[in-house]
Amino acid sequence: MDAINKIIQELQKAAVQVANLLQKREVEYTHGSNSSGDNQLKVDILADKLFGNILSEIGIKGFASEERESAVIFYDNDNMYDTNQEIPMQSLLVGFDPLDGSSLIDSNLTIGSIFGIYHSEFIGNKLLCGIYFLYGPRLEMVVARDKKSLHYLYNYATHTWDFIQEFALQEKGKINAPGGTQKEWFNGHKKIIEGFFQEGYRLRYSGGMVADLHQILCKGGGIFSYPATKDSRKGKLRKLFEVFPFALIFENAGGEAIDGQNRLLLLDTKSIHETTPCFFGSKREINKIIEGYKKISL
Ligand code: AFP
(Lines give C-alpha, C1' and ligand atoms only; values in the text may rest on other atoms or scores of the structure.)
Protein backbone atom coordinates (compact mmCIF):
# COMPACT_ATOMS: atom_id res chain seq x y z
CA MET A 1 0.00 0.00 0.00
CA ASP A 2 1.41 3.43 -0.83
CA ALA A 3 1.92 6.09 1.82
CA ILE A 4 -1.09 8.20 0.80
CA ASN A 5 -3.44 5.21 0.88
CA LYS A 6 -2.13 4.32 4.33
CA ILE A 7 -2.93 7.85 5.57
CA ILE A 8 -6.41 7.71 4.01
CA GLN A 9 -7.07 4.37 5.67
CA GLU A 10 -6.11 5.75 9.10
CA LEU A 11 -8.22 8.89 8.59
CA GLN A 12 -11.20 6.73 7.66
CA LYS A 13 -11.02 4.97 11.04
CA ALA A 14 -10.89 8.29 12.87
CA ALA A 15 -13.78 9.70 10.80
CA VAL A 16 -16.01 6.81 11.88
CA GLN A 17 -15.17 7.68 15.49
CA VAL A 18 -15.95 11.36 14.88
CA ALA A 19 -19.26 10.39 13.26
CA ASN A 20 -20.07 8.39 16.42
CA LEU A 21 -19.12 11.33 18.62
CA LEU A 22 -21.55 13.51 16.68
CA GLN A 23 -24.45 11.23 17.54
CA LYS A 24 -24.54 13.04 20.90
CA ARG A 25 -25.63 16.66 20.87
CA GLU A 26 -22.19 18.07 21.77
CA VAL A 27 -22.81 21.81 21.77
CA GLU A 28 -20.68 22.91 24.71
CA TYR A 29 -18.03 25.56 24.11
CA THR A 30 -14.57 25.66 25.70
CA HIS A 31 -13.27 28.95 27.06
CA GLY A 32 -10.77 29.31 24.22
CA SER A 33 -10.74 30.25 20.57
CA ASN A 34 -8.58 28.90 17.73
CA SER A 35 -5.95 30.77 15.69
CA SER A 36 -8.62 32.08 13.32
CA GLY A 37 -10.50 33.58 16.28
CA ASP A 38 -13.43 31.12 16.13
CA ASN A 39 -14.90 29.89 19.40
CA GLN A 40 -13.98 26.26 19.98
CA LEU A 41 -16.57 23.66 20.80
CA LYS A 42 -15.47 20.76 22.99
CA VAL A 43 -16.20 18.45 20.08
CA ASP A 44 -13.83 20.51 17.84
CA ILE A 45 -11.06 19.74 20.32
CA LEU A 46 -12.01 16.06 20.55
CA ALA A 47 -12.01 15.66 16.77
CA ASP A 48 -8.69 17.49 16.55
CA LYS A 49 -7.18 15.14 19.17
CA LEU A 50 -8.52 12.04 17.44
CA PHE A 51 -7.09 12.95 14.03
CA GLY A 52 -3.91 14.39 15.61
CA ASN A 53 -3.23 11.18 17.57
CA ILE A 54 -3.68 9.02 14.50
CA LEU A 55 -1.44 11.27 12.40
CA SER A 56 1.24 11.24 15.14
CA GLU A 57 1.60 7.48 14.86
CA ILE A 58 1.99 6.79 11.16
CA GLY A 59 5.40 8.27 10.48
CA ILE A 60 4.48 11.37 8.44
CA LYS A 61 6.71 14.44 8.36
CA GLY A 62 4.16 16.47 10.30
CA PHE A 63 0.73 18.01 10.44
CA ALA A 64 -1.06 21.32 10.97
CA SER A 65 -4.61 21.74 12.21
CA GLU A 66 -6.96 24.69 12.08
CA GLU A 67 -7.42 24.20 15.82
CA ARG A 68 -3.69 24.49 16.66
CA GLU A 69 -1.49 27.58 16.65
CA SER A 70 1.57 25.88 15.11
CA ALA A 71 2.37 22.88 12.94
CA VAL A 72 3.59 19.69 14.60
CA ILE A 73 6.74 18.51 12.81
CA PHE A 74 8.31 15.09 13.43
CA TYR A 75 10.98 14.95 10.70
CA ASP A 76 12.56 18.24 9.75
CA ASN A 77 15.21 16.97 7.40
CA ASP A 78 14.01 16.14 3.90
CA ASN A 79 17.30 14.38 3.10
CA MET A 80 16.96 11.73 5.78
CA TYR A 81 14.65 9.44 3.84
CA ASP A 82 15.46 7.03 1.07
CA THR A 83 14.88 8.98 -2.14
CA ASN A 84 14.58 5.77 -4.18
CA GLN A 85 11.22 5.19 -2.56
CA GLU A 86 8.56 7.03 -4.61
CA ILE A 87 6.77 9.09 -1.99
CA PRO A 88 8.09 8.24 1.45
CA MET A 89 5.79 8.64 4.43
CA GLN A 90 8.37 10.88 6.16
CA SER A 91 8.03 13.47 3.40
CA LEU A 92 4.26 13.90 3.75
CA LEU A 93 2.52 16.72 5.60
CA VAL A 94 -1.18 16.76 6.44
CA GLY A 95 -3.15 19.99 6.89
CA PHE A 96 -6.65 19.59 8.28
CA ASP A 97 -9.79 21.17 9.62
CA PRO A 98 -11.08 18.54 12.09
CA LEU A 99 -14.68 19.82 12.12
CA ASP A 100 -15.60 22.38 9.52
CA GLY A 101 -18.96 24.08 9.97
CA SER A 102 -19.11 23.17 13.65
CA SER A 103 -21.24 26.23 14.41
CA LEU A 104 -24.03 24.24 12.67
CA ILE A 105 -23.88 21.39 15.19
CA ASP A 106 -26.65 22.81 17.39
CA SER A 107 -29.05 22.90 14.44
CA ASN A 108 -28.09 19.37 13.35
CA LEU A 109 -26.97 20.39 9.86
CA THR A 110 -24.34 18.52 7.88
CA ILE A 111 -20.71 19.26 8.75
CA GLY A 112 -17.39 17.72 7.73
CA SER A 113 -13.65 17.18 8.19
CA ILE A 114 -11.23 18.37 5.48
CA PHE A 115 -7.66 17.15 4.78
CA GLY A 116 -4.85 18.04 2.42
CA ILE A 117 -1.82 15.77 2.00
CA TYR A 118 1.20 17.85 0.92
CA HIS A 119 4.62 16.78 -0.29
CA SER A 120 7.36 18.32 1.93
CA GLU A 121 5.88 21.84 2.07
CA PHE A 122 2.54 23.36 2.97
CA ILE A 123 1.86 25.04 -0.38
CA GLY A 124 -0.87 24.59 -2.96
CA ASN A 125 1.26 23.22 -5.78
CA LYS A 126 2.63 20.50 -3.45
CA LEU A 127 -0.84 19.19 -2.66
CA LEU A 128 -1.02 15.52 -3.64
CA CYS A 129 -4.40 14.59 -2.27
CA GLY A 130 -7.54 16.37 -1.00
CA ILE A 131 -10.06 14.55 1.16
CA TYR A 132 -13.25 15.37 3.00
CA PHE A 133 -15.62 13.40 5.19
CA LEU A 134 -19.24 14.45 5.31
CA TYR A 135 -21.23 13.83 8.50
CA GLY A 136 -24.80 14.02 7.23
CA PRO A 137 -27.65 11.56 7.28
CA ARG A 138 -24.95 9.24 5.84
CA LEU A 139 -21.20 9.16 6.42
CA GLU A 140 -19.48 9.84 3.09
CA MET A 141 -15.99 10.59 1.84
CA VAL A 142 -14.52 12.26 -1.23
CA VAL A 143 -10.89 11.72 -2.25
CA ALA A 144 -9.09 13.70 -4.95
CA ARG A 145 -5.83 12.30 -6.29
CA ASP A 146 -4.38 11.17 -9.62
CA LYS A 147 -6.67 13.56 -11.55
CA LYS A 148 -9.89 12.03 -10.19
CA SER A 149 -12.36 12.99 -7.45
CA LEU A 150 -14.03 9.88 -6.10
CA HIS A 151 -17.08 9.66 -3.84
CA TYR A 152 -17.59 6.86 -1.25
CA LEU A 153 -20.24 5.82 1.27
CA TYR A 154 -19.46 4.19 4.62
CA ASN A 155 -21.38 0.98 5.14
CA TYR A 156 -21.96 0.50 8.89
CA ALA A 157 -22.90 -3.17 8.43
CA THR A 158 -19.75 -4.25 6.60
CA HIS A 159 -17.42 -1.46 7.84
CA THR A 160 -16.37 -0.76 4.26
CA TRP A 161 -16.18 2.40 2.19
CA ASP A 162 -18.20 1.63 -0.91
CA PHE A 163 -17.53 3.50 -4.15
CA ILE A 164 -20.46 5.66 -5.36
CA GLN A 165 -19.21 7.70 -8.32
CA GLU A 166 -16.47 9.74 -9.94
CA PHE A 167 -17.46 13.41 -9.94
CA ALA A 168 -17.65 15.09 -13.36
CA LEU A 169 -18.98 18.64 -13.45
CA GLN A 170 -20.93 19.90 -16.42
CA GLU A 171 -19.97 23.12 -18.18
CA LYS A 172 -22.71 24.97 -16.27
CA GLY A 173 -24.79 24.36 -13.16
CA LYS A 174 -27.86 25.86 -11.47
CA ILE A 175 -26.71 26.53 -7.90
CA ASN A 176 -25.42 29.77 -6.41
CA ALA A 177 -23.85 29.50 -2.93
CA PRO A 178 -22.68 33.00 -1.97
CA GLY A 179 -20.69 33.24 1.31
CA GLY A 180 -19.91 36.21 3.53
CA THR A 181 -22.02 38.93 5.09
CA GLN A 182 -23.79 40.78 2.27
CA LYS A 183 -23.47 44.16 4.04
CA GLU A 184 -19.68 43.75 3.72
CA TRP A 185 -19.61 42.74 0.04
CA PHE A 186 -18.01 45.07 -2.48
CA ASN A 187 -20.47 46.40 -5.06
CA GLY A 188 -18.75 44.67 -7.95
CA HIS A 189 -19.05 41.30 -6.21
CA LYS A 190 -22.68 41.97 -5.38
CA LYS A 191 -23.41 42.63 -9.07
CA ILE A 192 -21.85 39.33 -10.13
CA ILE A 193 -23.84 37.36 -7.53
CA GLU A 194 -27.06 39.12 -8.49
CA GLY A 195 -26.28 38.40 -12.15
CA PHE A 196 -26.35 34.66 -11.42
CA PHE A 197 -29.73 34.97 -9.68
CA GLN A 198 -31.14 36.99 -12.58
CA GLU A 199 -30.11 34.16 -14.90
CA GLY A 200 -32.16 31.72 -12.81
CA TYR A 201 -29.54 30.22 -10.49
CA ARG A 202 -31.01 29.02 -7.18
CA LEU A 203 -29.72 29.94 -3.74
CA ARG A 204 -28.29 26.97 -1.82
CA TYR A 205 -26.23 27.94 1.22
CA SER A 206 -26.03 26.22 4.60
CA GLY A 207 -22.98 27.97 6.08
CA GLY A 208 -20.90 24.79 6.06
CA MET A 209 -18.54 24.64 3.10
CA VAL A 210 -18.35 20.83 3.05
CA ALA A 211 -22.08 20.45 2.51
CA ASP A 212 -22.34 23.48 0.22
CA LEU A 213 -19.52 22.36 -2.06
CA HIS A 214 -20.60 18.72 -1.91
CA GLN A 215 -24.02 19.73 -3.17
CA ILE A 216 -22.49 21.49 -6.18
CA LEU A 217 -20.40 18.38 -6.95
CA CYS A 218 -23.40 16.05 -6.60
CA LYS A 219 -25.69 18.23 -8.74
CA GLY A 220 -23.10 18.55 -11.51
CA GLY A 221 -22.19 22.22 -11.21
CA GLY A 222 -22.82 25.73 -9.88
CA ILE A 223 -20.79 28.32 -8.02
CA PHE A 224 -19.64 28.73 -4.40
CA SER A 225 -18.00 32.00 -3.46
CA TYR A 226 -16.35 33.36 -0.33
CA PRO A 227 -15.03 36.76 -1.45
CA ALA A 228 -12.81 39.50 -0.10
CA THR A 229 -15.12 41.70 1.97
CA LYS A 230 -14.87 45.26 3.30
CA ASP A 231 -14.13 43.91 6.77
CA SER A 232 -11.88 41.04 5.65
CA ARG A 233 -9.84 41.72 2.53
CA LYS A 234 -8.35 38.22 2.55
CA GLY A 235 -11.66 36.42 2.91
CA LYS A 236 -12.39 33.93 5.66
CA LEU A 237 -11.52 30.46 4.45
CA ARG A 238 -8.10 29.03 5.24
CA LYS A 239 -5.80 28.03 2.39
CA LEU A 240 -4.23 24.89 3.85
CA PHE A 241 -7.14 23.44 5.76
CA GLU A 242 -10.12 24.26 3.52
CA VAL A 243 -9.34 26.00 0.25
CA PHE A 244 -6.51 23.94 -1.31
CA PRO A 245 -8.10 20.50 -0.72
CA PHE A 246 -11.37 21.69 -2.29
CA ALA A 247 -9.49 23.36 -5.16
CA LEU A 248 -7.96 19.99 -6.08
CA ILE A 249 -11.31 18.23 -5.67
CA PHE A 250 -13.02 20.72 -8.03
CA GLU A 251 -10.23 20.72 -10.62
CA ASN A 252 -10.15 16.91 -10.70
CA ALA A 253 -13.91 16.93 -11.19
CA GLY A 254 -13.57 19.13 -14.29
CA GLY A 255 -14.37 22.39 -12.51
CA GLU A 256 -12.18 25.33 -11.53
CA ALA A 257 -11.06 27.04 -8.34
CA ILE A 258 -9.77 30.62 -8.29
CA ASP A 259 -9.26 33.61 -5.96
CA GLY A 260 -11.08 35.94 -8.39
CA GLN A 261 -8.33 35.85 -11.04
CA ASN A 262 -5.72 33.20 -10.25
CA ARG A 263 -5.80 29.45 -9.74
CA LEU A 264 -5.99 28.86 -6.00
CA LEU A 265 -3.46 26.01 -6.12
CA LEU A 266 -0.80 28.41 -7.43
CA LEU A 267 -1.11 30.83 -4.51
CA ASP A 268 1.84 31.19 -2.23
CA THR A 269 1.48 30.46 1.52
CA LYS A 270 3.61 32.19 4.11
CA SER A 271 1.91 31.02 7.30
CA ILE A 272 -0.31 28.05 8.03
CA HIS A 273 -3.43 30.00 9.03
CA GLU A 274 -3.54 32.30 5.97
CA THR A 275 -6.92 32.88 4.34
CA THR A 276 -7.88 33.79 0.78
CA PRO A 277 -10.96 34.84 -1.19
CA CYS A 278 -12.11 31.77 -3.10
CA PHE A 279 -14.51 30.66 -5.82
CA PHE A 280 -15.23 27.04 -6.74
CA GLY A 281 -17.46 26.01 -9.59
CA SER A 282 -18.04 24.77 -13.07
CA LYS A 283 -16.25 26.42 -15.99
CA ARG A 284 -18.96 28.82 -17.15
CA GLU A 285 -19.57 30.28 -13.70
CA ILE A 286 -15.84 30.66 -13.03
CA ASN A 287 -15.42 32.50 -16.35
CA LYS A 288 -18.19 34.89 -15.29
CA ILE A 289 -16.33 35.52 -12.02
CA ILE A 290 -13.05 36.21 -13.87
CA GLU A 291 -14.78 38.60 -16.30
CA GLY A 292 -16.64 40.35 -13.46
CA TYR A 293 -13.56 40.67 -11.25
CA LYS A 294 -11.53 42.26 -14.08
CA LYS A 295 -13.83 45.28 -13.70
CA ILE A 296 -13.59 45.48 -9.90
CA SER A 297 -11.02 47.46 -7.97
CA LEU A 298 -11.05 46.27 -4.35
P1 AFP B 1 -17.49 27.33 11.33
O2 AFP B 1 -16.57 26.10 11.30
O3 AFP B 1 -17.05 28.32 12.35
O4 AFP B 1 -18.93 26.95 11.44
O5 AFP B 1 -17.27 28.09 9.91
C6 AFP B 1 -17.60 27.45 8.72
C7 AFP B 1 -16.88 28.06 7.56
O8 AFP B 1 -15.50 28.10 7.79
C9 AFP B 1 -17.17 27.35 6.23
O10 AFP B 1 -17.47 26.00 6.38
C11 AFP B 1 -18.33 28.12 5.67
O12 AFP B 1 -18.44 28.07 4.28
C13 AFP B 1 -18.07 29.52 6.14
O14 AFP B 1 -17.34 29.39 7.37
C15 AFP B 1 -19.36 30.26 6.37
O16 AFP B 1 -19.08 31.57 6.71
P17 AFP B 1 -20.25 32.69 6.68
O18 AFP B 1 -21.19 32.31 7.80
O19 AFP B 1 -19.51 33.96 6.97
O20 AFP B 1 -20.91 32.69 5.33
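Below is a table of values for the structure above.
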| read-out | value |
| --- | --- |
| Span per principal axis, largest first, for the Cα atoms of the chain (Å) | 52, 44, 40 |
| Solvent-accessible surface ranking, highest first, for Asp48, Asp106 at 1.4 angstrom | Asp106, Asp48 |
| Lys/Arg +1, Asp/Glu -1 at C-beta; the range 175-293 dipole; positive extreme among Leu266, Gly221, Ile175 | Ile175 |
| Solvent-accessible area of Phe163 with every protein chain in place, 1.4 Å probe, in Å² to the nearest 10 | 120 Å² |
| Selected from Gln165, Gln12, Gly124, residue furthest toward positive end of dipole (the range 3-166; charges at beta carbon) | Gln165 |
| Kyte-Doolittle mean at least -0.5, axial Cα span of 18 Å or more - DSSP H helices of the chain | 3-21, 42-56 |
| Rounded Å value of the spacing that divides the Cα centres of the range 188-220 and the range 229-282 | 16 Å |
| With DNA, RNA and ligands ignored, accessible area of Leu21 (1.4 Å probe; Å², nearest 10) | 40 Å² |
| log₁₀ of I(q)/I(0) at q = 0.11, 0.12, 0.15, 0.23 Å⁻¹ - the range 175-293, Debye sum with one point per alpha carbon | -0.30, -0.36, -0.58, -1.51 |
| The chain - percent of accessible surface contributed by carbon and sulfur, probe 1.4 Å | 47 percent |
| When each of Lys183/Lys239; Lys6/Lys49; Lys6/Lys174 is checked by Cα-Cα distance, pairs over 26 Å | Lys6/Lys174 |
| Residue order for Met1, Met89 - accessible surface, 1.4 angstrom probe, largest first | Met1, Met89 |
| Aspartates and glutamates with Cα under 14 Å of Lys148, excluding same-chain neighbours fewer than 8 positions away | Glu166, Glu251, Glu256 |
| Kirkwood hydrodynamic radius of the range 175-223, from inverse mean 1/r over distinct Cα pairs, in Å | 11.3 Å |
| Simple Cβ-charge dipole of the chain, Lys/Arg +1 and Asp/Glu -1, about Cα centre, in debye nearest 20 | 1100 debye |
| List Lys174, Lys147, ordered by accessible area with a 1.4 Å probe, largest first | Lys147, Lys174 |
| Accessible surface of Thr110 - all protein chains present, 1.4 Å probe, nearest 10 Å² | 40 Å² |
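The values are calculated or read from the model by the stated rules, or taken from the named source; none is laboratory data. A quick note: this is a predicted structure, and the numbers were derived from the prediction, not measured. Neighbour counts run over all protein chains shown; Cβ positions are idealised from the backbone, glycine included. Surface accessibility is based on the protein's heavy atoms, side chains included, excluding ligands, DNA and RNA. Shrake-Rupley method; radii C 1.70, N 1.55, O 1.52, S 1.80 Å.
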